[in-house]
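What follows draws every value from the coordinates through simple rules; no lab data is involved. Given the structure is predicted, the values throughout are model-derived calculations rather than measurements. Backbone-built Cβ (ideal geometry, glycine too); neighbour counts: all protein chains shown.
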Amino acid sequence: MITWNVLDNHSAHIIIKGRLDLHTSPELRQRLRDLRIQGHALVFIDTSEVDFMSSSGLAVLVAALRASRRQSGELCLIAPSEAIRTVLDYTRLEQVIPIFKDLDSARERLDGNAPYIPASYDHAYDDESSDDSEEA
């Protein structure tokens, strides 16, 4: 299920519940397109209740992120569920898509035009080649 509300003249909030897959992705794609056409440059997507995201759902998010940034806007995720975080982690998109714990912190950061700086990517399976370069 996808619901939305317009927050102000330039931002909107979308809430996704359940699955983001081949069946629900077209609705999200259309909603994001409509909001962009209406001039909502900032889109906050609450994914806290998404229990599954397929590659088609991920493709919609990435395409919308690119389209937003082409128009000097931003798309961010609010409180991503474990299912969403797992996909973002595997694809390393958490370095690209702004993620916030709640709508208030996202609005405070992005409405004020403060630049978004992604969290550092720190996982045990990362390549530790930087240690080798110091020895050479």
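What the Cβ-Cβ distance of GLU82 and ASN9 gives, at R0 = 30 Å and to the nearest 0.05, is a FRET efficiency of 0.30. With 0.36 nm allotted per residue and the present C-alpha distance subtracted, the TYR90-ARG33 stretch has 17.9 nm of extension available. The trypsin sites (Lys or Arg not before Pro) found in the range 42-115 that occupy coil by DSSP, while having at most 16 further C-beta atoms within 10 Å, are ARG92, LYS101. What shape does the range 4-64 have by the C-alpha gyration tensor, where a ≥ b ≥ c are the square roots of the eigenvalues, rounded means a/c under 1.5, and otherwise prolate means a/b greater than b/c and oblate the rest? Cα axes put the range 4-64 in the prolate bin.
For the range 47-110, a/c is not less than 1.5, where a ≥ b ≥ c are the root eigenvalues of the C-alpha gyration tensor, and a/b does not top b/c. That puts it in the oblate class. With R₀ fixed at 30 Å, the C-beta to C-beta distance from LEU22 to SER72 puts the FRET efficiency at about 0.45. Here's how it looks for ASP21: its modeled amide H is under 5 Å from those of SER54, which are all 5 or more places away or on a different chain.
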